[in-house]
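K.L.:
I have a structure here, written as structure tokens, and I will follow up with some questions on it.
Bear in mind these aren't lab numbers, they're just calculated from the coordinates by the rules spelled out. From a predicted model like this one, the values you see are computed outputs, not experimental measurements. Here the Cβ positions follow ideal geometry from the backbone for every residue, glycine too, while neighbour counts run over all protein chains shown.
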Amino acid sequence: MASLKIVKVKSWDELPEILEPGEYEVDGVRITIAEALPREVVERHCRLGRMLAEKYGSSA
């Protein structure tokens with residue numbers, strides 16, 4: 001079984017427009033996606049999660 005490579009970048013702009021399933025790390029935040037999604041959808045989701053964690057606290 002092949003191991004998955006984590007794609008590490010400093011900014012969202014360095015990623016392709018469509019993210020394939022796999023693991024990504026953007027500026028230290030690790031993301032795992034299960035299906036191909038547009039980069040902007042994943043970026044908005046992560047920003048919302050970060051905003052909610054700052055406002056209400058995070059259990060992580």
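K.L.:
Check cross-link reach from Lys10 to the aspartates and glutamates: straight Cα distance under 20 Å, and skip same-chain residues fewer than eight apart.
P.N.:
Glu20, Glu23, Glu25, Asp27, Glu40, Glu43
K.L.:
What percent do you get for the relative contact order of the chain when only Cα pairs under 8 Å and 6+ apart count?
P.N.:
Worked out over the chain, it gives 27 percent.
K.L.:
Leaving out same-chain residues fewer than 8 places away, which aspartates and glutamates sit with a Cα under 13 Å from that of Lys55?
P.N.:
By straight Cα distance, Lys55 reaches no aspartates and glutamates at all.
K.L.:
With each pseudo-label sitting 7 Å past Cα toward Cβ, what's the Val7-Arg30 distance in nm, one decimal?
P.N.:
Using points 7 Å along Cα→Cβ, the separation is 1.8 nm.
K.L.:
Between Leu15 and Leu48, what is the spin-label point distance in nm, taking each point 7 Å from the Cα along the Cα→C-beta axis?
P.N.:
For Leu15 paired with Leu48, the spin-label model returns 1.5 nm.
K.L.:
Quick one: what are the phi-derived ³J(HN,Hα) couplings along the stretch 39-54, Karplus 6.51/-1.76/1.60 with θ = phi - 60°, whole Hz, x for glycine and proline?
P.N.:
Once θ is set to phi - 60°, the couplings for the stretch 39-54 become 4, 5, 5, 5, 4, 4, 4, 5, 5, 5, x, 5, 5, 5, 5, 5 Hz.
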